[in-house]
6 protein chains.
Amino acid sequence: MTTSDAYQRGKAMAEATNPGIEAALAARYDAILPGFSTTMMEVAFGHYYTRDGLYDKTRYLATVAALAALGGQTGPQLKVHIRNALRSGATQREVAEVINQMALYGGFPAMINALNAALEVFEGEEADT
Amino acid sequence: MTTSDAYQRGKAMAEATNPGIEAALAARYDAILPGFSTTMMEVAFGHYYTRDGLYDKTRYLATVAALAALGGQTGPQLKVHIRNALRSGATQREVAEVINQMALYGGFPAMINALNAALEVFEGEEADT
Amino acid sequence: MTTSDAYQRGKAMAEATNPGIEAALAARYDAILPGFSTTMMEVAFGHYYTRDGLYDKTRYLATVAALAALGGQTGPQLKVHIRNALRSGATQREVAEVINQMALYGGFPAMINALNAALEVFEGEEADT
Amino acid sequence: MTTSDAYQRGKAMAEATNPGIEAALAARYDAILPGFSTTMMEVAFGHYYTRDGLYDKTRYLATVAALAALGGQTGPQLKVHIRNALRSGATQREVAEVINQMALYGGFPAMINALNAALEVFEGEEADT
Amino acid sequence: MTTSDAYQRGKAMAEATNPGIEAALAARYDAILPGFSTTMMEVAFGHYYTRDGLYDKTRYLATVAALAALGGQTGPQLKVHIRNALRSGATQREVAEVINQMALYGGFPAMINALNAALEVFEGEEADT
Amino acid sequence: MTTSDAYQRGKAMAEATNPGIEAALAARYDAILPGFSTTMMEVAFGHYYTRDGLYDKTRYLATVAALAALGGQTGPQLKVHIRNALRSGATQREVAEVINQMALYGGFPAMINALNAALEVFEGEEADT
């Protein structure tokens, strides 16, 4: 499968934040879905996460907002993007404020559940310091 | 009904962006839901929109993200917050990029439908220039 | 197709509130989905709407709550059940209060959109008086 | 932060059903979100849970309906409101009937999952008797 | 409660795939919801799962698609229908391809979470071989 | 922007079913989102619609299922994929049966609304005959 420059860009960013991620995805999914790992690099990271036009911090805070408002659908992914937001320069306060705002769109249960996920991430990040 | 300083803050911000909004809400809803207009000022604007801790532009881009990802639920409100984001200093490009990112969380139909709503707002805003 | 006593109960209730409904459903859907109209009578009305154990008014207010919180998914059906609630003895105030409460679970846009639908029903009902 | 009479009403009701709740919320969230605990008292309890116009039992059954239909989004909150409904005079049968009705709006998986949550609450409540 | 031929058809299919299912449902739910187990046989299995007009394999793959796209709402039910699809002649590859397609409609988190559920089912099925 | 063989495959399929689609997307969106049209070809069509492993008819019926169950989020896209399913060899009956099944997962309102959309497509298709 030939790939595009979106793939190159996406692969570089994915490996920088998650060394070995493409190989891990390939090991887990490519047997049942040929090319899945390449798709994740080219599509999610290449066509979306590495686009210009938005500061990474804003992109990740927007993602946190959506995943918080969507509630139960987002399980582990919300925590990943909370970490991404913090590493892009968002403060814990900014992450919490974005989640808090989501009470108005996803409801209060979704907001509290997302806030609790954020607190877990914050504790983990502080432990790593 | 006595109100809090959250009410004062909220009312001031609401009227600055939408002159006469409290009276309009009162005229439409307070007969069937006593105190509804006061609640909107104190709760939505006071306790949420006028909080510190987040730039208005980021707050509105996060809101646009959530409403785009939530899809059909958000009807007219998405356009209101796209306008709010533009008036807080977001560029049309930033608004579009945030919505585009939502393809990954709310699906491609939700993203395209929100992008089309944004294009309508952009045309309206340019017409006002 | 033989039917159950659930069908009998459901058919009776459906026709009492919507004379000719089974024939209308049959005319519209049974060609493409054999037995669809019978299913609606036996399943929706027979197995659900005519169950004991809950006052009709409470059943319909619960339905209005769910449809309001679910937001965009529920289109015309919300208005049908607002009317059902009113005809089961709920006041306009009670219907509005239930919808208003849904701001906390389905978000404020879903709540306002449902409240606007309720106001349309109330105006229609008053016109019929 | 000054507060409104909605705060007073909300605080009184919250503490009556959950002694120490405001302090618990403050301890957990106010560091990262200043004023969060006050907001919960004034907004959720004051502006919504203590409104007139609806019997508590009906308000809580409507809430149970919405949380059941919304499915996975509502995690622990559904159980809280099932308990609130029971303590407001709803029978276990009425709670179960409301959840059962949600099969038609949130789908059968959401309904069964909510029913299982209700059974857990019922067992807990009976253990407390 | 008299039942229809939908009940007979549904009961036969349900017991063939899940021996003792009606009795198990009755033991768990009929005390709190009279007739619940009969309803499940007549409605879910009788009126829906045993309809003509669609190959079982296609019906179950469509179900897997919907449950994957709906994300968090569907918990245990997704795995049940993945098994049903495999037993109706779908390959693991076909199940995975259907879930993968759902990235475009339910978002990438919903898709990955459903894919992980499928992998668990596949491991279980292989262990049974 | 260099593109991958996924782009080639996707572009070919998109243009075969919708001649001029890439240019139309570029005209509408590329000014505000550089590369958007290329992304749609490479991502949606290339990485998803042209994958092996599933008959087109099954892929489109699965898509119709998800969009029907998701309800209000899917607006115009549901009709596009109903047409795609018919053109891939699905009968109107099969499309209707898939949508009907979604009553169990997305609720009866979502199902009826999707069925009505299907009837509109069927009438349009027959008019073209």
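Any read-out appearing in this document is the output of simple, stated calculations on the displayed coordinates, not a laboratory observation. As the structure is a prediction and not an experimental result, all values here were calculated from the model. Positions of Cβ are generated from backbone atoms using ideal geometry, with glycine treated the same way; all protein chains shown enter the neighbour counts.
Annotations for the structure displayed:
- Filter on C:Lys57/D:Lys79; A:Lys79/D:Lys57; D:Lys11/D:Lys57; C:Lys79/D:Lys79 - keep pairs with C-alpha separation over 25 Å: A:Lys79/D:Lys57; C:Lys79/D:Lys79
- Inter-part distance where the range E:79-129 and the range F:61-80 are each reduced to a Cα centre, Å: 20 Å
- Residue with peak Gaussian network fluctuation, chain A [Cα springs, cutoff 10 Å], from A:Leu25, A:Leu67, A:Leu115: A:Leu25
- Other-copy label distances relative to D:Arg87, 7 angstrom Cα-Cβ extension, nm: 3.8, 4.3, 4.3, 4.3, 5.9
- Rounded tilt (10° steps) of A:56-70 against the dominant C-alpha axis of chain A: 70 degrees
- Average other protein chain Cβ within 10 Å of Cβ, residues B:74-86: 3
- FRET efficiency for F:Glu123 and E:Asp56, using Cβ-Cβ distance with R0 set to 41 Å, rounded to 0.05: 0.90
- Tilt relative to chain E, helix E:92-101 - C-alpha long axis, 0 to 90 degrees, to 10: 80 degrees
- Only Cα pairs under 8 Å and 6+ residues apart enter the sum, and on that basis the relative contact order of chain D stands at 21 percent.
- For the protein assembly as shown, the Cα-based Rg and Dmax, in that order, read 25.4, 71 Å.
- Taken residue by residue and averaged, Cβ atoms of other chains lying within 10 Å of the Cβ of F:89-96 number 4.
- Max mean-square fluctuation residue, GNM over chain B, Cα-Cα springs under 10 Å, options B:Leu104, B:Leu78, B:Leu86: B:Leu104
- Evaluated over the range A:5-49, the Cα radius of gyration and Dmax, each in Å: 9.6, 26
- Summed over qualifying helices (DSSP H, 4 residues or more, each -39500 (n - 2.57)) and divided by its residue number, chain E shows a 222 nm mean residue ellipticity of -21000 deg cm²/dmol.
- In chain E, the C-alpha radius of gyration followed by the widest Cα-Cα span (Dmax) gives 15.8, 46 angstrom.
- Counts of other chain beta carbons within 10 angstrom of each beta carbon in peptide F:24-36 average 4.
- Along the range E:113-126 the Karplus relation, 6.51 cos²θ - 1.76 cosθ + 1.60 evaluated at θ = phi - 60°, assigns HN-Hα couplings of 5, 5, 5, 5, 5, 5, 4, 5, 5, 4, 4, x, 5, 5 Hz to successive residues, with x for each Gly and Pro.
- Most mobile of B:Ala69, B:Ala110, B:Ala31 in a GNM of chain B (Cα contacts under 10 Å): B:Ala31
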